[in-house]
């Protein structure tokens with residue numbers, strides 16, 4: 001019954017423990033990012049976007065706009081800050097945006113994780129895997145905060161979202177809109193931040209991430225998942 005809350009708690013713990021995990025010069029960092037990118041891309045295109053589409057057809061195709069709006073929101077805010085601030089102001093505004101958006105995003109993820117897992121444990125576990133990798137990548141560039149209570153609160157967003165799911169039910173329509181919003185945010189993150197750019201990245205690990213997660217999904221589909 002509380003599997004979703006347990007998984008969300010693990011996400012929050014991972015977020016807390018992995019802050020600043022890899023140094024910039026760590027050779028394993030890019031391997032991990034490339035592998036995580038492969039897993040995330042696979043999940044977005046084989047599970048999340050098809051699920052949003054199927055749900056939107058059952059309600060209204062306009063629901064699919066939540067994916068577009070979420071993707072556009074993250075892009076516009078990012079561009080606004082980079083085009084209107086420089087130097088120290090840029091770093092401060094970007095950090096504020098990152099902290100605020102990450103807290104809100106993973107709060108919604110925690111809510112959805114609890115809701116999805118309560119209906120189908122395997123669906124929840126499939127969401128849990130790429131989100132865990134996403135959280136680790138999101139934590140890599142940050143330095144450990146000396147204010148542990150602030151750090152703990154910032155990391156607790158997924159777990160708090162899962163607790164809210166115990167008392168608040170936004171219905172099938174609301175859950176579909178939230179799922180679309182998470183899909184748009186994840187798609188933006190994968191394209192903008194996760195996929196290594198230019199000469200960076202490890203194609204073999206990216207391919208490995210795609211192959212492993214695709215095989216897992218195909219096996220689950222084959223057994224009637």
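The values are calculated or read from the model by the stated rules, or taken from the named source; none is laboratory data. For clarity, every value in this text was computed on a predicted model and none was experimentally measured. Cβ: placed from backbone, ideal geometry, glycine included. Neighbour counts: every protein chain shown.
Given the options 61, 79, name the one that is at pLDDT below 85 and within 30 Å of residue 168 (Cβ to Cβ).
The unique qualifying residue is 61.
Being over 19 Å from residue 155 (Cα atoms) and within 13 Å of the chain's Cα centre (by Cα) is the filter here, so list the residues in the stretch 75-116 that pass it.
Matches in the stretch 75-116: none.
Can you run down the residue pairs with Cβ atoms below 9 Å, 6 or more apart or on separate chains, where the first is in the stretch 205-225 and under 12 Å from residue 43 (Cα atoms) and the partner is loosely packed, with under 15 Cβ neighbours inside 10 Å?
Correct list of pairs: 217/225.
Go through 148, 94, 98, 134 for me and flag whichever is at pLDDT below 75 and within 26 Å of residue 206 (Cα to Cα).
98
Does residue 179 satisfy being more than 23 Å from residue 17 (Cβ to Cβ) and at pLDDT 90 or above?
In short, yes.
Regarding residue 53, is this residue closer than 14 Å to residue 187 by Cβ, surrounded by 15 or more Cβ atoms within 10 Å (Cβ to Cβ) and free of Cβ contacts under 8 Å to residues at least 12 places away in the same chain?
Criteria met by residue 53.
Please go through the stretch 170-179 and pick out each residue that is free of Cβ contacts under 8 Å to residues at least 24 places away in the same chain and either under 13 Å from residue 107 (Cβ atoms) or outside any helix (DSSP H, G or I) (or both).
170
Any residue in the stretch 110-119 that is buried (at least 19 other Cβ atoms within 10 Å of the Cβ) and modelled with pLDDT under 90?
no
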